[in-house]
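What follows is a short report on a single structure.
The values are calculated or read from the model by the stated rules, or taken from the named source; none is laboratory data. What you are looking at is a predicted structure, and each value in this text was computed from that prediction instead of being measured. Here Cβ is always computed from backbone atoms with ideal geometry, including for glycine, and neighbour counts include all displayed protein chains. Protein only, heavy atoms only, side chains kept; ligands, DNA and RNA dropped before computing areas. Shrake-Rupley method; radii C 1.70, N 1.55, O 1.52, S 1.80 Å.
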Amino acid sequence: MLAHLASPNRVACLDEVRSVIRLSGAGLVHFLQGLVTNDVLGLETPGAQPLYTCILNAQGRHLHDLFLHRTLDEVPTVLVDADRQGAADLLRLLKRYRLRQRLDIDDASEQYSVWARYGGHTPTLHNMHSTTPPPAAPGWAPDPRLQDLGLRALLPAGVDGGGKGAAAASWRDHRRWRILQGVAEGDTEIPSGEVVPLEFNIDGLHGISFTKGCYVGQELMARTHFKGVVRKRLMPFVLAPDDGGSTLDALQPEQLPQLGGSAVPAAALEAANAAAAGDADAGGAAAAGAGGVQQGATVFLGPQGGKRKSVGTVRVIDGRLGLAVLRLSAVQAASAAGQLLVVGEGEAVSHLRPWRPNWWPNGWGREEAAGAAA
């Protein structure tokens, strides 16, 4: 079962969950530079590498995350790979911020498809290293967030992005690969208008510049970054099986097998592949959370029936696999005490086993201790 998810050279068309917006005009890069969180001046160059970035509201809350693909046109033209659910809102927002600038902004989802290419060697418990697959054809580029996410492309509609020797995958397969790396994507996973991007690790995914000029929502980003403490972050987790005991034994990367560059519990790999097998059995229907766990569920630390403390929120759930924004001090306390985090009440309680991806900077989650020592 483990070979399914991590088989090399998997290709997924993401059109069910992604849309494409086209932006064009002489002042486009200047327009984007004052709007998005990343430094986009490099997009002046035709064919520049894609960038990952966000748009915030004036209070510094996340609205949309985007991939910006610079075309080869001499007139600055950018294709925006964005979440399909929020595409209409994003289109209206871009047109509102355009004001009187001479920019063309239109929905190009009928002209382009979004593709992802990912995977690695079949994992074992002792050797799960993967390599980023080589570009299959022009138009492909490394995912700008994280090497282990592979490649991404916007290809003309009707062009098969699979290529020779590639194994077809669904967008749900690709999402599970992202979950194992601890990466959320799109308005359905990163709630629009509600959350601080740093809590979803977008700073570590090369989506925020702290050296560029002003942009909408910059003040909160700069203040939080230079304060140096982010108390909650998005973490991948696997729900412990019903007979899985009550200890938290999968937090430290050095104790875990490797998938790409990230430490992943074997139980999480098994859960991901079980969900993929369930997709096939259900004819591609979306996988539900195990044990009745729902997106938005509160995560607790403490024994059932006793005083429990809210320490986070489930943001993505797919079978027994998911992503949750968790208070890092609580995760460390649970690890030290050998406890699992819990979701639900009574007979419906489920136990969460989070882990720390290897791509995280060493200082994440340890800022408060470092400050106290200083």
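Against the condition within 29 Å of K232 (Cα to Cα) and at pLDDT below 95, how does G165 come out, does it pass? When the stated conditions are applied, G165 does not pass them.
When D318 is tested against the conditions (1) charged (D, E, K, R); (2) within 15 Å of R233 (Cβ to Cβ); (3) buried (at least 22 other Cβ atoms within 10 Å of the Cβ), the lone failure is (2). Scanning region 11-33 for residues that are within 18 Å of the chain's Cα centre (by Cα) and of a type in the set (K, R) yields one hit, R18. Would you confirm whether any residue within region 52-63 is in contact with a Phe, Trp or Tyr (Cβ under 6 Å, 6 or more places away or on another chain) and aliphatic (A, V, I, L, M)? Among the residues of region 52-63, not one is in contact with a Phe, Trp or Tyr (Cβ under 6 Å, 6 or more places away or on another chain) and aliphatic (A, V, I, L, M), which makes the answer no. The set of residues in region 191-249 that are in contact with a Lys or Arg (Cβ under 8 Å, 6 or more places away or on another chain), among the charged types (D, E, K, R), at pLDDT 90 or above and in a loop (DSSP other than H, G, I, E, B) comprises E194, R231.
The residues of region 21-44 that are of a type outside the set (A, V, I, L, M), in a helix (DSSP H, G or I) and under 14 Å from G217 (Cα atoms) amount to a single one, Q33. Being open to solvent by 10 Å² or more (accessible area, probe 1.4 Å) and touching a Phe, Trp or Tyr at 6+ places or on another chain (Cβ under 8 Å) is the filter here; which residues of region 80-102 pass it? Selection gives Y97, R98, Q101. Of all residues in region 57-73, exactly one satisfies the criterion of being touching a Ser or Thr at 6+ places or on another chain (Cβ under 7 Å), over 11 Å from G207 (Cβ atoms) and either modelled with pLDDT under 95 or among the aliphatic types (A, V, I, L, M) (or both), namely L63. Within region 309-325, residues that are in a strand (DSSP E or B) have Cβ atoms under 9 Å from residues that are aromatic (F, W, Y) and surrounded by fewer than 23 Cβ atoms within 10 Å (Cβ to Cβ) in these pairs: K309/F300; S310/F300; V311/F300; G312/F300, counting only partners at least 6 apart in sequence or on another chain. Among the conditions (1) open to solvent by 10 Å² or more (accessible area, probe 1.4 Å); (2) at pLDDT 95 or above, the only one that T37 does not satisfy is (1).
Contact map, region 200-217: residues that are farther than 15 Å from Q181 by Cα paired with residues that are open to solvent by 20 Å² or more (accessible area, probe 1.4 Å) and charged (D, E, K, R), Cβ distance under 9 Å, separation 6+ or inter-chain. Pairs shown: S209/D39; F210/D203; T211/D39; K212/D39; G213/D39; G217/R61. Just one of the listed residues (G139, G120) is within 24 Å of R172 (Cβ to Cβ), buried (at least 22 other Cβ atoms within 10 Å of the Cβ) and at pLDDT below 95, namely G120.
When region 319-350 is limited to residues that are in contact with a strand residue (DSSP E or B) (Cβ under 7 Å, 6 or more places away or on another chain) and of a type in the set (D, E, K, R), the one that is farthest from W177 (Cα to Cα) turns out to be R327. Scanning region 46-57 for residues that are open to solvent by less than 80 Å² (accessible area, probe 1.4 Å) and not in a strand (DSSP E or B) returns P46, G47, A48, P50, N57.
The test for being open to solvent by 50 Å² or more (accessible area, probe 1.4 Å), modelled with pLDDT of 85 or more and part of a strand (DSSP E or B) does not hold for S329. Can you pull out every residue in region 142-170 that is open to solvent by 40 Å² or more (accessible area, probe 1.4 Å) and of a type in the set (D, E)? Listed by number, the list holds a single entry, D160.
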